[in-house]
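Structure first, commentary second.
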Amino acid sequence: MVLSIDTWHQCCHARSMMKTLPLLKALLPVLSSGLLMVGCASTPSDEKPVEERAPSPKERPVPEIWTGPTEPVIDYVGLANSLGLNRPKQELGYSEKTFDTCQAGYGFSASNNCRRETFVAINFQILCRDSEGTVSVAISHHELKPLSGRSVKWGMRGASETMRLDGEGYGQILRTFSRSQRTERLKLTADNDFVYVRASEAKRLVVPRNWCD
């Protein structure tokens, strides 16, 4: 059989393709894997890594500090009015009255730690005399000068407070105690000067002239 040149070329090309086909089939998995790896490695990522930001001072939690139970704030003036012990300043002297804390109000609990207490009210006046030291003669009123507008600290049975006397030297102590303070010593201090007096005898107190200097 005689083949034309075109037919011969076609046969050679077909025979060559048949020899190459098994080789292509063998390389196909390797080529696919390589292309997949290259594609994965070269794919750009649009997601940026999340950076952890330290909280600002305003965002940082403030640790809670437990300070223990707080002392109740007592309205001594209101309680004195309720008990009838808030007398005019000119009514000098000591007075007291017992009461039930759970029925008192004015800062006392109505249900917790119910007990009997004694409310103490002391009105006093401090006057300075013209002379120094002790005197053995009576002093007239015009020889006395009030300790006007001075800060005075009182202390009695573990309780203390600083107050300011009015222009005529009057002061008032209002406080509650576990028992009567009638026989206790009351200390009154103005700067470096002080005087002791029995609480029930604190009325008009005459002190040396240097208190008013």
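Just so you know, all these numbers are worked out from the coordinates, no wet-lab data involved. Please read these numbers as outputs of a predicted model, since none were measured by experiment. All Cβ positions, glycine included, derive from the backbone under ideal geometry; neighbour counts span all protein chains shown.
With +1 on each Lys and Arg Cβ and -1 on each Asp and Glu Cβ, and nothing else charged, work out how big the dipole of the stretch 76-211 is about its Cα centre, in Debye to the nearest 20. Show your work: numbers first, answer last.
Details: 20 positive and 14 negative charges, 64 e Å.
Using only the charged Cβ atoms, the result is roughly 300 debye.
Taking Lys and Arg as +1 and Asp and Glu as -1, the other residues whose beta-carbon sits under 13 Å from that of Phe108 total -2. The HN-Hα couplings worked out from phi for the stretch 155-166 by the Karplus form 6.51 cos²θ - 1.76 cosθ + 1.60 (θ = phi - 60°) are x, 7, 6, x, 9, 7, 6, 9, 10, 10, 6, 7 Hz, whole numbers, x standing for Gly and Pro.
Distances between placed amide hydrogens fall under 5 Å for Leu205 paired with Gln125, Ile126, Leu127, all partners being 5 or more residues away or on another chain.
Since only Gly84, Phe124, Ser151 are under comparison, the one whose Cα sits farthest along the positive direction of the charge dipole of the stretch 76-211, derived from C-beta charges on Lys, Arg, Asp and Glu, is Gly84.
The Asp75 and Lys153 beta-carbon pair, evaluated with R₀ = 25 Å, returns a calculated FRET efficiency of approximately 0.70.
Stretching Asp100 away from Arg209 to a fully extended chain increases their span by 34.9 nm, per 0.36 nm per residue minus the current alpha-carbon distance. In the stretch 76-211, the DSSP beta bridges split such that about 90 percent are antiparallel, to the nearest 5.
Positive contributions from Lys and Arg (+1) and negative ones from Asp and Glu (-1), summed over other residues with Cβ under 12 Å from the Cβ of Ser160, come out at +3. Taking 0.36 nm per residue of separation and subtracting the current Cα-Cα distance, fully stretching the chain between Glu117 and Val195 would add 25.4 nm.
Net charge near Ser180, counting Lys/Arg +1 and Asp/Glu -1 over other residues with Cβ under 12 Å of its Cβ?
On the way: positive: Lys97, Arg116, Arg157, Arg179, Arg182; negative: Glu96, Glu117, Glu184.
Here the charged neighbours net out to +2.
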